[in-house]
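Below is one structure, written out as structure tokens; comments come after it.
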Amino acid sequence: MISVRGFCDLNVFSNGENKTSLKSTCQALLDLGYRTVAINSIFNGSVFDTKKKKKKGEMQEKGDVVPPPANQDIIKEFKGKLDIYERLTVSFSTQLQAHKLSQSVNAKMYSILAVIPTTQVAFQYACSVMDVDLITFDPDDIGLVKCSRKMYNLAVDRGLSFEIMYMPAIRDSTARKNIIQLAHFYHAFGKSKHIVISSGAANPFHVRGPYDVINLGLLFGLSEEQSKCSITTACRFLLIKAAGRRLGKTIVIANKDVNIDKEPGKDNVIENDEVDQDFEEPVQKKLRQDCPESSIAPNIDT
């Protein structure tokens, strides 16, 4: 069941070793008013290209190189306080790496699957073909990928979201320049649709309050409404889309029965014959029945 409460931060960095810093960051986000968090594990897709030379008579290894989620202890510790999800971010440069990622069993265990395209071909493939949830970029190196209006709108139509991280903009001036440039590209090409703002924080000193993040969204070219949606509604849309990718797409239609509290009787039942007659009656005939004869002007032959 997808539960999205309050403000969201869908990028809390985890290196898999320092659990103390990760717990402190989650606690800081809880104190600032966040209720939904995603722990992000970064994986380099170039590992898919490495081939080990096997010796004669040795069986070929078919193990999954993508590590499985490993933060269940933190999820249980904050259960009832924070809704914590597991996120995997994979950098890739070729279609072959993307294909191997789609075949990974461990990658499908993560609640959110994000990609970092490092080439123009990889970016076009991610927008048009890949079954992922989020597209993001390395704030230290965004020059190799050129965003276009066509690719951006294609990704939005497929339900993909784009990410803006504010922590690198606080840490480094070069990264801040790149992030602002990227955010303005999003605004110019797609009017900042499906934008998610996250921290990318590795320690509790890098996180900011939700209303500070909303103000940062104005600097990134978003409107006030878009800034608020980037840490609330857009995150909920992203998580629902991710659940559809993992579990399959379904449609549920719920209708409220207006007669559920009334006793069954003739007043509560509409006969189908009467409804059919009402729809089949000509408009002029119905008008004459509803209006008195005195109100209908007689035809005078001249």
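When residues in region 160-190 are screened for being touching a Phe, Trp or Tyr at 6+ places or on another chain (Cβ under 8 Å) and of a type in the set (Gly, Ala, Ser), 3 of them pass. Listed conditions (1) modelled with pLDDT of 90 or more; (2) crowded, with 19+ Cβ neighbours inside 10 Å; (3) not in a loop (DSSP other than H, G, I, E, B) are all met by Asn215, apart from (2).
Taken over region 115-126, residues that are in a helix (DSSP H, G or I), hydrophobic (A, V, I, L, M, F, W, C) and open to solvent by 10 Å² or more (accessible area, probe 1.4 Å) amount to 1. On inspection, Leu239 fails the criterion of being part of a loop (DSSP other than H, G, I, E, B), at pLDDT 90 or above, of a type outside the set (S, T, N, Q) and surrounded by 19 or more Cβ atoms within 10 Å (Cβ to Cβ). If you go through region 6-27 and keep only what is modelled with pLDDT of 90 or more and open to solvent by less than 20 Å² (accessible area, probe 1.4 Å), you end up with Cys8, Asp9, Leu10, Asn11, Val12, Leu22, Thr25, Cys26.
Please verify whether region 105-114 includes one or more residues that are open to solvent by less than 60 Å² (accessible area, probe 1.4 Å), in a strand (DSSP E or B) and of a type outside the set (Val, Ile, Thr). Yes, there is a match, as at least one residue in region 105-114 is open to solvent by less than 60 Å² (accessible area, probe 1.4 Å), in a strand (DSSP E or B) and of a type outside the set (Val, Ile, Thr).
A single entry from Ser192, Ser173, Ser148 fulfils the requirement of being among the polar types (S, T, N, Q), out of contact with any Asp or Glu (no Cβ under 7 Å at 6 or more places or on another chain) and without any contact (Cβ under 8 Å) to a residue 24 or more places away in the chain: Ser173. Against the test of being under 21 Å from the mean Cα position of the chain (by Cα), open to solvent by less than 10 Å² (accessible area, probe 1.4 Å) and modelled with pLDDT of 90 or more, the options Val129, Val90 yield a single qualifying residue, Val90. Residues in region 187-212 that are open to solvent by less than 10 Å² (accessible area, probe 1.4 Å) and more than 23 Å from Tyr34 (Cβ to Cβ): Gly190 only. Pairing each residue of region 204-233 that is charged (D, E, K, R) with any residue that is exposed (fewer than 14 other Cβ atoms within 10 Å of the Cβ), provided the two are 6+ apart or on different chains, yields C-beta distances under 9 Å for Glu224/Leu218. Residues satisfying the criterion are absent from region 139-148 (criterion: among the aliphatic types (A, V, I, L, M), open to solvent by less than 20 Å² (accessible area, probe 1.4 Å) and closer than 24 Å to Pro168 by Cα).
Checking each residue in region 218-234 for being under 14 Å from Val12 (Cβ atoms) and surrounded by fewer than 23 Cβ atoms within 10 Å (Cβ to Cβ) picks out no residue at all.
The values are calculated or read from the model by the stated rules, or taken from the named source; none is laboratory data. Remember, predicted model here, so these are calculated numbers, not experimental data. For neighbour counting, all protein chains shown are included, and Cβ atoms are generated from backbone atoms with ideal geometry for every residue, glycine included. Ligands, DNA and RNA are stripped out before the accessible areas are found, and what is left, the full protein with its side chains, is counted by its heavy atoms. Shrake-Rupley method; radii C 1.70, N 1.55, O 1.52, S 1.80 Å.
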